[in-house]
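Take a look at the structure below.
The values are calculated or read from the model by the stated rules, or taken from the named source; none is laboratory data. Remember, predicted model here, so these are calculated numbers, not experimental data. Ideal geometry is used to build each Cβ from the backbone, glycine not excepted, and the neighbour counts take in all protein chains shown. Keep in mind that these areas ignore ligands, DNA and RNA; they rest on the heavy atoms of the full protein, side chains included. Shrake-Rupley method; radii C 1.70, N 1.55, O 1.52, S 1.80 Å.
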Amino acid sequence: LTGPIVGPGWAGIAGGTPAGQSGNTYRYTTSDPMASYLATLAVGKYQKETATGPHGLPLTYWYRPGKDDAMMKVIRKSPQYLEWLEAKFGPYPFPSAGVVIVPSESAMETQQMVTMGDFKAAKASDNENLWEDVLVHEYAHHWFGDTVSPTNWNDVWLNEGWATYIEALWSNPRDKISDKVWETWARGRDAKLRKEVGPPGKPRADSFAESNVYICPALMLHQIRKQIGDQAFFDLAKAWVASNRNTVRDRAAFIAFVNTHTGKDFTQLINTWLDSPTTPK
Ligand SMILES: [Zn+2]
């Protein structure tokens, strides 16, 4: 990927690995396959800041001075988030990471350069935790969604289930919320979502990427963790990423992997959580 070519004082920002700047031309390259929905491009009057993540991972943050200073306090904690993710899920699967802040109400796990909207929480005192949760979620997608992408959008639960569950694993201990309290809350949401927008396994065209593909499969992963315990669960998660790096995968591949890796038959549990019109027991 070469370019974009931008005017003086402007910066051209994209996903992939930064490959240098000459004059007003910014270059990015990648040696890993990238799904088209994970590409990003931003052009603007940005300030660049570099940092170093775990095992020397190069990080680049792009922000607008004066506008993004509060969010930058959280972005600068990226090494800490990535270190926590690596301890649980294995090495970050790309040669660089970064964040670009843009005017938007959402965020996206764009590969090697997370696109963070400059959104705010309803209460200013909640901003830092909200930004942290979203950033951990988008970084988590680099393991679950980016390096292992879904074969088609029927399996978007495979992205969002993991990222949502990992976000909860990060924020619950911080917020002193027990697994049990979280599960009760999530089951309430799950029941409502299945009723309103259907089960997560085959999203309806008119309700694509609704919260059902986030919450319901996160709860499903929680059931697997409860059955096999932490050690086996995080071994499974690590092995899934390591064995399927730079591929696309679907439900059948996930079920087969879980069954082989755990030596137990989770076919019915997974299918029920993905297809049931009501919350499974
Ligand atoms: Zn997500």
Which ones in the stretch 16-45 are closer than 23 Å to Asp146 by Cβ, open to solvent by 30 Å² or more (accessible area, probe 1.4 Å), out of contact with any strand residue (DSSP E or B) (no Cβ under 7 Å at 6 or more places or on another chain) and not aromatic (Phe, Trp, Tyr)? Ser31, Pro33, Met34, Ser36, Ala39
Residues that are away from the ligand (no atom under 13 Å from the Cβ) and either open to solvent by less than 10 Å² (accessible area, probe 1.4 Å) or touching a strand residue (DSSP E or B) at 6+ places or on another chain (Cβ under 6 Å) (or both): does the stretch 143-150 have at least one? yes
Hey, could you check the stretch 169-195 for residues that are touching an Asp or Glu at 6+ places or on another chain (Cβ under 9 Å) and more than 17 Å from Pro280 (Cβ to Cβ) and say which is most open to solvent (accessible area, probe 1.4 Å)? Arg174
For helices (runs of 4 or more DSSP H) lying entirely in the stretch 122-228, having 3 or more residues that are acidic (Asp, Glu) picks out 127-141, 179-197
If the requirement is being β-branched (Val, Ile, Thr) and open to solvent by less than 70 Å² (accessible area, probe 1.4 Å), which of these qualifies: Ile13, Ile5? Ile13
Sort out which residues of the stretch 94-123 are open to solvent by less than 10 Å² (accessible area, probe 1.4 Å), among the hydroxyl-bearing types (Ser, Thr, Tyr) and within 14 Å of the ligand (Cβ to nearest atom), and write them in order of number. Thr110
Do you know which residues across the stretch 254-277 are part of a helix (DSSP H, G or I) and either charged (D, E, K, R) or open to solvent by 70 Å² or more (accessible area, probe 1.4 Å) (or both)? Thr260, His261, Gln268, Asp275
Evaluate the following for Arg204: is it crowded, with 18+ Cβ neighbours inside 10 Å and farther than 18 Å from Glu138 by Cα? no
Got a sec? Which strands (runs of 3 or more DSSP E) wholly within the stretch 1-90 have at least 3 residues that are over 29 Å from Ala242 (Cβ atoms)? 2-5, 11-14, 17-22, 25-29, 41-44, 47-52
The stretch 212-253 - residue that is open to solvent by 40 Å² or more (accessible area, probe 1.4 Å) and within 18 Å of Glu183 (Cβ to Cβ) and, of those, farthest from the ligand (Cβ to nearest atom): Gln227
Residue check, Trp162 touching a residue at least 12 places away in the same chain (Cβ under 8 Å) and within 12 Å of the ligand (Cβ to nearest atom): yes
